[in-house]
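Enquirer: Take this structure first; my questions come after.
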Amino acid sequence: AQLHLLARATGKQYFGTATDNPELVDKPYLKQLSNNHDFGQITPSNSMKWFATEPVQGKFNFTGAEEIVKLAKKNKQLVRGHNCVWHSQLADWVESGAFDNVTLTSIMIKHCYTLVKHFKGDILQWDVVNEPFNEDGTFRSTVFYDTIGESYIETALRSARAADPSAKLYINDYNIEGLSPKSTGMLNLVKSLKAKRAPIDGIGIQGHLIVGQLPSFDSIKSNLQAFTNLGVDVAITELDIRMPTPPTTDSLAQQKIDYETVVKACNEVKRCVGVTIWDWTDKYSWVPGVFTGEGAALPWDDDLKKKPAYDGIAAGL
Ligand code: XIL
């Protein structure tokens, strides 16, 4: 059976994938992307980011994002919004503007509010804040944290809630799959946001992992459980499991096991609502462009053929 159908049958909301606008001209790619038995949800991997949506102060551009939301509607797929506030793929004017606290706060509120409002009613979950942590669980130094302080997170969440009260609001980060100092940082942040009655609905766990180097199943499951015990949902938002290229029979077999491990951990935690892979074919994975000598991270290969990882996911669902 196919991935989204399997996910629905086990009580999850969706199984999904990221996609990006330039890929949509590839006909065989578009056909499988639109297969809502495998993918019940899509995430635009770039076109909702700040550089794309507010490249010039006050000049919003939703063309790319709208194309993907429209496609999702046509395919009857849910959409995750990604993202409002992030230190990367930001617009130059935000970072180099040397804005003071009051000014940057109003810039950030306006950005989030306008973006989330534009897609009001169309988005299941928003990654309101992306990657706020360092590996040791302290807050990452970014223009937002350095200028506004920790409260930028709560402020961004409140502006997103005001813009679309029905969207589930997430904080999203990587290397928080298993129990770790970074996961503890996330746990403490969400605990404190809850105590302030800030609008936080979920924790996004990116899941950019390495074949053979995952945290254990127990560590992942315990961590997801600890997050949901705070009274929020969790989602695996950007799963890919990379390996040295070219792949071998052994590395593909281990990758299958690793996909199953992550998907099964989500499956066994009630409030883990769904899993999204960070695109579905190695042809369009971001991995080789960023991690030298690594790739083959997704469940379909460069020729859009299913790899053993596909069956690993199916087995975990
Ligand atoms: C990546 C995209 O996939 C690439 O196309 C882009 O060049 C860089 O960003 N964490 C995130 C995602 O939250 O937004 C990133 O996406 C991957 C890491």
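Taken together, the values in this text are just the output of simple stated rules run on the coordinates, not laboratory data. Just so it is clear, the model here is predicted, and its values are computed rather than measured. Using ideal geometry, Cβ is built from the backbone for each residue, glycine included, and neighbour counts are taken over all protein chains shown.
Enquirer: Assign one of three labels to the stretch 36-180, namely rounded, prolate or oblate, based on the Cα gyration tensor with a ≥ b ≥ c the square roots of its eigenvalues; rounded applies when a/c is under 1.5, prolate when it is not and a/b is larger than b/c, and oblate otherwise.
Expert: It comes out oblate by the Cα gyration axes.
Enquirer: For the stretch 231-287, which trypsin sites (Lys or Arg not before Pro) are both in a DSSP coil and crowded by at most 13 other Cβ atoms within 10 Å?
Expert: Loop-located and lightly packed - Lys270.
Enquirer: Further question on the same structure: Can you tell me which of Gln213, Gln255, Gln41 moves the most in a GNM of the chain? Springs connect C-alpha atoms under 10 Å apart.
Expert: Gln213
Enquirer: So which aspartates and glutamates pass the test for Lys74, namely a Cα distance under 20 Å, with those fewer than 8 places away in the same chain ruled out?
Expert: Asp20, Glu23, Asp26, Asp38, Glu66, Asp122, Asp279
Enquirer: With the contact rule set at Cα under 8 Å and sequence spacing of 6 or more, what percent relative contact order holds for the chain?
Expert: 16 percent
Enquirer: Would you mind working out the magnitude of the charge dipole of the stretch 3-316 relative to its Cα centre, with +1 at each Lys and Arg C-beta and -1 at each Asp and Glu C-beta, to the nearest 20 Debye?
Expert: Dipole about the Cα centre, nearest 20: 1300 debye.
Enquirer: Quick one: among Ser183, Ser106, Ser47, which has the greatest mean-square fluctuation in a GNM of the chain with alpha-carbon springs under 10 angstrom?
Expert: Ser106
Enquirer: Run the reach check for Lys256 against lysines, Cα to Cα strictly under 22 Å, same-chain hits fewer than 8 apart removed. What comes back?
Expert: Lys12, Lys221, Lys264, Lys283, Lys305, Lys306, Lys307
Enquirer: Check the straight Cα-Cα distances from Lys76 and name the lysines below 16 Å, setting aside those fewer than 8 residues away within the same chain.
Expert: Qualifying lysines at Cα under 16 Å: Lys31.
Enquirer: Roughly how far apart, in whole Å, are the Cα centres of the stretch 176-220 and the stretch 1-25?
Expert: Using only Cα atoms, the two centres lie 22 Å from each other.
Enquirer: Quote the relative contact order of the stretch 67-126 in percent (integer), defining contacts as alpha-carbon pairs under 8 Å separated by 6+ residues.
Expert: 62 percent
Enquirer: Loop only by DSSP, 12 or fewer other Cβ within 10 Å of the Cβ. Give me the trypsin sites (Lys or Arg not before Pro) in the stretch 110-182 that pass, ordered by residue number.
Expert: Lys120
Enquirer: Let me make sure I get this right: for the stretch 1-54, a, b and c are the square roots of the gyration tensor eigenvalues over alpha carbons, sorted descending. Under 1.5 in a/c it's rounded, otherwise prolate if a/b > b/c, else oblate. Which is it?
Expert: The shape class here is oblate.
Enquirer: Take every Cα-Cα distance within the chain, group them into 20 Å bins from 0 onward, and report for each bin the whole-number percent of pairs it holds.
Expert: All Cα pairs considered, the percentages come to 35, 60, 6.
Enquirer: At 222 nm, what value in deg cm²/dmol follows for the chain if DSSP H runs of at least 4 each add -39500 (n - 2.57) and the sum is divided by all its residues, to the nearest 500?
Expert: So the helix-based figure for the chain works out to -12000 deg cm²/dmol.
Enquirer: Anything in the chain that counts as a DSSP H helix reaching 20 Å or more along its axis (C-alpha) with Kyte-Doolittle mean of at least -1.0? List them, would you?
Expert: 101-118, 181-195, 249-267
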